[in-house]
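Read-outs: derived from the displayed coordinates by stated rules, not from any lab. Only a predicted model underlies this, so the values are computations on that prediction, with no experimental measurement involved. Note that we place each Cβ from the backbone using ideal geometry, even for glycine, and neighbour counts take in every protein chain shown.
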Amino acid sequence: MLRDRRLSHLLVLGACAIGPAAVLHYFGGNQVEIGSNVHFLPIAVSAGLASLAALALTLAGARRGDGRAVIVGTAFSTMAAMLAVHGLTTPGVLVDDNGVVAFSGAATLPIGGAVLALSAVPELRGPAAVRPLLWAQAVALTVIAALGAAGIVLPGLVPSVPEPDSPAAIAVLAISLVFYGVVGARAARTYMLTRRRADLLVVLGVVVLAAAVVPALLMSFWELGWWLGHAFELIGIGLVGVPVALDLHRGAQSRPLAGDLRGTELVSAADGFLGPHVRALLRRLAEKDEYTARHTRSVSLLAVRMGEELGLPPARLRELAIGALLHDMGKLSIPDSILQKPAALTEEEYAVIRRHPEWGAALVLQLGFGPQVARLVSDHHERLDGSGYPRGLREPELDLGTRVLMVCDVFDALLSARVYRDAWTLDDALELLRRECGQKLDRRCVEALERILARDAAAPARTAA
């Protein structure tokens with residue numbers, strides 16, 4: 001399982017999802033007697049941390065014109081305000097029995113989840129949305145403060161909250177979990193693409209916040225789970241807020257909660273997303289042969305676009321990005337006299353060239369890349385009818401990622417000018433791919449390529465309009 005990286009990362013995500021729920025299941029029902037002062041202190045700490053996170057994210061997002069960061073800051077500021085009201089209205093500390101404490105405690109996480117889910121709205125991510133979001137945050141905080149104060153003075157103004165474990169509470173719980181599910185799924189997708197620990201912490205933080213909703217709506221204050229839920233709130237806010245704030249501090253966009261990271265960004269920012277080995281190999285390839293380095297980048301960018309077009313899941317898309325960037329690394333072992341020969345190759349020289357997939361696969365395995373990446377490197381010159389090399393594999397033995405890479409490699413090579421031939425025209429290259437559909441190349445991949453090219457051709461017209 002450690003060697004199969006996709007499986008091991010799925011296990012990590014599964015552990016993130018199961019852990020908080022297991023704690024609540026096994027320990028949440030224990031009866032406890034905890035005084036009001038103990039409730040007052042942790043809530044005050046949670047509200048303080050949420051306020052700091054909200055302030056940092058809001059200011060950083062406003063400076064960078066990053067609407068997503070402002071949305072996260074708005075969610076945290078809203079939760080902080082609700083937590084503050086919840087803590088200040090603890091019965092027996094500053095005020096007597098009141099309905100504000102129950103309402104603010106039950107509403108904090110559902111409202112926060114709803115605001116976090118807004119990061120999925122594309123119109124709210126750009127610079128134009130920053131100012132309206134800042135106004136919305138200010139209005140929300142003012143309303144919460146005013147309603148909290150009014151509720152303390154006139155308790156009758158506070159609406160009743162569902163009884164714990166009642167049908168109404170379960171309905172609110174279901175809606176809240178949908179919000180957190182949307183946010184968590186986007187964060188998980190980002191992590192499966194980037195494999196950054198910081199993005200994994202965001203996934204865990206969202207899960208912990210979702211777990212905290214359960215005791216807030218289903219348990220009473222004399223159950224240990226109700227108190228664990230408050231601890232989960234504190235932990236979840238830190239796990240989500242700190243990585244996002246660090247991204248902004250480093251000058252990067254906050255991506256985990258938005259879930260909009262594209263495969264092309266993995267390739268164009270390979271230094272940050274794909275690790276030092278990929279960076280070092282690309283640099284070494286560029287030093288050896290500039291054409292091969294340019295070809296590798298072009299093939300990779302097209303391959304991940306085609307992978308997204310065909311619906312490859314995030315883990316497979318990441319493997320495709322790495323495999324496409326490394327598919328010609330075996331050429332590092334080819335003598336320059338052959339690789340850069342300004343004429344057609346002899347049969348003996350071509351035989352050396354044909355060994356580069358095997359050499360590349362051995363290299364990436366030696367450096368610790370997974371078997372699927374090695375397979376992409378070794379098989380990108382295979383063909384569906386068995387006419388390819390180095391192993392003469394046939395259609396059933398070639399997975400979709402490999403077929404994508406085959407088409408992109410051929411297409412980019414045809415459009416590239418070489419010392420021994422001119423570049424093909426786009427129409428001639430597509431005509432060749434169409435002729436080889438179903439025989440040498442996969443029809444779905446060629447059709448996906450044509451759809452991508454059609455959208456690219458239409459984009460200037462749409463921009464002009």
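Ranked by the mean number of other Cβ atoms within 10 Å of their residues, highest first, the peptides 125-131, 401-407, 349-355, 451-457 fall in the order 401-407, 125-131, 349-355, 451-457. Applying a length cut-off of 27 Å (Cα extent along the axis) and a mean Kyte-Doolittle floor of 1.6 to the DSSP H helices of the chain leaves 130-153, 197-218.
Model label sites at residue 456 and residue 38, defined 7 Å from Cα along the beta-carbon direction, differ in position by 6.4 nm. Rounded, prolate or oblate, given the Cα gyration tensor of the stretch 5-249, with a/c below 1.5 counting as rounded? Since a/c reaches 1.5 but b/c is at least a/b, the shape of the stretch 5-249 is classed as oblate. Sort all Cα-Cα distances of the chain into consecutive 10 angstrom bins from zero, then give the percent of pairs in each bin up to the one containing the longest distance. Percent of pairs per bin, in order: 4, 18, 24, 19, 14, 11, 7, 3, 1, 0.
Distance between the 7 Å Cα→Cβ label points at residue 444 and residue 336: 4.4 nm.
Using a Förster radius of 51 Å, what is the FRET efficiency between residue 345 and residue 141 based on their Cβ-Cβ separation? Nearest 0.05, please. E between residue 345 and residue 141, to the nearest 0.05, is 0.15. What is the diffusion coefficient of the stretch 263-464 in µm²/s, taking the Kirkwood radius over Cα pairs and the Stokes-Einstein relation at 4 °C with a viscosity of 1.567 mPa s? The Stokes-Einstein estimate is 75 µm²/s. Ranking 274, 285, 390 by how far each Cα lies toward the positive end of the dipole of the stretch 263-464 (charges on Cβ) leaves 274 at the top. Only Lys, Arg, Asp and Glu carry charge here, each on its Cβ (+1 for the first two, -1 for the last two); on that basis the chain has a dipole of about 820 debye about its Cα centre. Taking 0.36 nm per residue of sequence separation and removing the Cα-Cα distance, the residue 168/residue 367 pair yields an extension gain of 66.1 nm.
Selection among 35, 77, 232 by position relative to the dipole of the chain gives 77 as farthest towards the positive end (Cβ unit charges, Cα centre). Ranked for footprinting exposure by Cβ neighbours inside 10 Å, fewest first, 310, 200 give 310, 200.
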